[in-house]
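Note sheet for the following structure.
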Amino acid sequence: MTKTMDRAGLPVAKRAVGMQKVTGFFTELMRRFLPDPFVFAIILTILTVIMAIVIEGQSFDDVTASWGNGFWSLLAFTTQMAVILAMGYVLANAPVVERLLNAIVSRVETPRTAVIVATLVGAVGSYLNWGFGLVIGGIVAKKLALHVKGVHYPLIIAAAYSGFTMYGLGLSATIPMVISTPGHPMEKQMGLIPLAQTIFSLPMLVTAAVVLVTLPLLNAMLHPKPGQPVTEINRDLHFAEPTKNVVVDGDAGTFASKLNNSRILAMAIGALGMAYVVVHFIRGGGVDLNLINFFILFLGVLLLGTPNAYLKQLNEGIKTISGIILQFPFYAGIMAIMAASGLVVTISGVFTSISTPETLPFWGLISSFVINFFAPSGGGHWMIQGPFMIDAANAIGASTAQTSMSVMLGNAWNDLVQPFWILPALALSKLKLKDIMGYTVIMMFWVGIVYITAILLWGYLG
């Protein structure tokens, strides 16, 4: 009773209750109205068709043709994404990584600490490489949910996924990587923008630090208080998983079996792969998705130790990519309609027409957030929005580095509520989109405040 009446404690209790009400509101809203990601992609496709006809005056035949012609235009990119997720899963489940994650998990005792750790692992992993971060965040969240009693499972999965927003500030941020590479598609318009002016600029490094510190704390605050209902992981189901695919090798001891389980072969091909990466950089090569996939493939072979071990783990990883394979073509079709009809120019033109050199990055951030619902791929997003944003920057004398980075941050900000990238987390956790989206909406609001503040300060003070 004394604690309840304590003046210092009462506001904290009220804030906690208020936070739970807000979280509960968005969770229930998503539970009632948010469909599965595939259905969401279908709805967005139909909406884009209607907008192209009504707003841009396109005929149904032209819109349909644009959609069908562009539907398979991202097959190469789809394969790259599927590879990076499946092989990122293998890498994240390698014995050395497994031991590291288990060591981290074993030191966590409370639900809120578990949420903080899951957020940090997902964020740091995504900062290093977005594909790796998507996978390792979900894996550590699942381990923590199994280890720590009382963890609200939907929240910890959402928390781990929320760290994905750090990729926009990190070493694999698509747009900064593209515009710093000689020969990129827009080099004539904007030249080369070194990473020192984008992800390694002081404002962006400070922004990354702010997100890394505050987002885990916010996520911990969202956890239900003791005595409030929580949804824990189904331990019977998940503890049984490691044994369900065990296969007895009836050919053990044969020459074929020895080859399948040869450490020498794995080390040899893995070393050859690493040698190529070294030669690639010595000869001045850059970083792209193909190189990243090449690296994580052969690093995974080295860490798993044998061809057979790698294949077994890859078979598990392939389960995470079914949604990607199905939905990427639909988003490719949406992007094709947006580009061919002029919708994307119309939408962004509304923002850029009211901009000054200082505010253009802000409107670039906002318009990027909106466009990312329709074009969630960072690279494809930039090919659509980049040309007119850079033209606007050149026309009014705004910073092309800041403008480019604003598009990147808008993309990474929207990803918190974009079902497109949540698919791997859902596959790993066996949850539904509506289970976690209520939490990611709250996280999206906070990250938006951080990114908007950073972009405005950078525009006026930078």
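Given the criteria touching an Asp or Glu at 6+ places or on another chain (Cβ under 6 Å) and within 16 Å of ILE55 (Cβ to Cβ), does SER341 qualify? Full working, then the answer.
Working: touching an Asp or Glu at 6+ places or on another chain (Cβ under 6 Å): yes; within 16 Å of ILE55 (Cβ to Cβ): yes.
It is true that SER341 is touching an Asp or Glu at 6+ places or on another chain (Cβ under 6 Å) and within 16 Å of ILE55 (Cβ to Cβ).
Summed over segment 417-448, the residues that are out of contact with any Leu (no Cβ under 8 Å at 6 or more places or on another chain) and under 20 Å from THR78 (Cα atoms) give a count of 5.
For first residues located in segment 208-227 and over 10 Å from VAL115 (Cβ atoms), partners that are of a type outside the set (S, T, N, Q) and not in a helix (DSSP H, G or I) and lie 6+ apart or on another chain with Cβ distances below 7 Å form the pairs PRO224/HIS152; PRO224/VAL230.
Any residue that is among the hydroxyl-bearing types (Ser, Thr, Tyr) and either surrounded by fewer than 20 Cβ atoms within 10 Å (Cβ to Cβ) or within 24 Å of ASN234 (Cα to Cα) (or both) - is there at least one of those in segment 88-98? Outline the logic, then answer.
Residues of segment 88-98 among the hydroxyl-bearing types (Ser, Thr, Tyr): 89.
Filter once more, so that each one left must be either surrounded by fewer than 20 Cβ atoms within 10 Å (Cβ to Cβ) or within 24 Å of ASN234 (Cα to Cα) (or both): 89.
Yes, segment 88-98 has at least one match.
Screening segment 387-418 for residues that are open to solvent by less than 10 Å² (accessible area, probe 1.4 Å) and over 14 Å from VAL370 (Cα atoms) and picking the one that is farthest from the chain's Cα centre (by Cα) gives ALA393. Scanning segment 371-386 for residues that are over 16 Å from the mean Cα position of the chain (by Cα) and open to solvent by 10 Å² or more (accessible area, probe 1.4 Å) returns MET383, ILE384.
From the set of residues in segment 352-370 that are part of a loop (DSSP other than H, G, I, E, B) and open to solvent by less than 30 Å² (accessible area, probe 1.4 Å), which is farthest from ILE455 (Cα to Cα)?
Step one: list which residues in segment 352-370 are part of a loop (DSSP other than H, G, I, E, B), which gives 353-359.
Next, from what is left, pick out any that are open to solvent by less than 30 Å² (accessible area, probe 1.4 Å): 355, 359.
Values: SER355: 14, THR359: 9 Å.
Per the criteria, the residue is SER355.
Screening the candidates TYR310, TYR331 for the property of being within 21 Å of PHE420 (Cα to Cα), hydroxyl-bearing (Ser, Thr, Tyr) and either open to solvent by less than 40 Å² (accessible area, probe 1.4 Å) or at pLDDT 90 or above (or both) yields one hit, TYR331. Within segment 102-127, residues that are over 15 Å from ILE156 (Cα atoms) and modelled with pLDDT under 95 reach partners that are open to solvent by 40 Å² or more (accessible area, probe 1.4 Å) and part of a loop (DSSP other than H, G, I, E, B) with beta carbons closer than 8 Å, at six or more positions or on different chains, in the pairs TYR127/LEU171. Contact map, segment 365-376: first residue touching a residue at least 24 places away in the same chain (Cβ under 8 Å), second residue of a type in the set (Phe, Trp, Tyr) and open to solvent by less than 20 Å² (accessible area, probe 1.4 Å), Cβ cut-off under 8 Å, separation 6 or more or different chains; pairs are LEU365/TYR451; PHE374/TYR331; ALA375/TYR331; PRO376/TYR331; PRO376/PHE420; PRO376/TRP421. Considering ALA240, ALA266, the condition of being among the hydrophobic types (A, V, I, L, M, F, W, C), assigned to a helix (DSSP H, G or I) and at pLDDT 80 or above is satisfied by ALA266 alone.
Scanning for something farther than 22 Å from LEU326 by Cα and surrounded by 22 or more Cβ atoms within 10 Å (Cβ to Cβ), does segment 426-438 turn up at least one residue? Before you say what the answer is, go through the steps one by one.
In the first step, residues of segment 426-438 are kept if they are farther than 22 Å from LEU326 by Cα; the result is 438.
Cutting the leftovers down to surrounded by 22 or more Cβ atoms within 10 Å (Cβ to Cβ) gives us 438.
Scanning segment 426-438, I find at least one residue that is farther than 22 Å from LEU326 by Cα and surrounded by 22 or more Cβ atoms within 10 Å (Cβ to Cβ), so the answer is yes.
Are any of the residues in segment 377-398 in a loop (DSSP other than H, G, I, E, B) and modelled with pLDDT under 80? Yes: one or more hits. The set of residues from segment 35-90 being in a loop (DSSP other than H, G, I, E, B) and under 25 Å from the mean Cα position of the chain (by Cα) comprises PRO35, ASP36, PHE71, TRP72, SER73, LEU74. Whether any residue in segment 147-156 is over 18 Å from GLN313 (Cα atoms), touching a helix residue (DSSP H, G or I) at 6+ places or on another chain (Cβ under 6 Å) and surrounded by fewer than 20 Cβ atoms within 10 Å (Cβ to Cβ) is what I want to check. Within segment 147-156, one or more residues are over 18 Å from GLN313 (Cα atoms), touching a helix residue (DSSP H, G or I) at 6+ places or on another chain (Cβ under 6 Å) and surrounded by fewer than 20 Cβ atoms within 10 Å (Cβ to Cβ). One residue stands out among those in segment 276-307 that are surrounded by fewer than 20 Cβ atoms within 10 Å (Cβ to Cβ) and among the small types (Gly, Ala, Ser): the one that is modelled with the highest pLDDT, which is GLY305. Go through segment 340-351 residue by residue and tally those that are closer than 9 Å to SER66 by Cα and open to solvent by 40 Å² or more (accessible area, probe 1.4 Å). Going through segment 340-351 one residue at a time, the tally reaches 1.
Name the one entry in GLY18, GLY70, GLY9 that is open to solvent by less than 50 Å² (accessible area, probe 1.4 Å), of a type in the set (Gly, Ala, Ser) and at pLDDT 90 or above.
Answer to the selection: GLY70.
The values are calculated or read from the model by the stated rules, or taken from the named source; none is laboratory data. Small disclaimer: the values here were computed from a predicted structure and weren't measured. Don't worry about glycine lacking a Cβ; one is built from the backbone with ideal geometry, like all the others, and counts go over all protein chains shown. The protein model used for the area step is the full one, side chains on, heavy atoms only, and it has no ligands, DNA or RNA in it. Shrake-Rupley method; radii C 1.70, N 1.55, O 1.52, S 1.80 Å.
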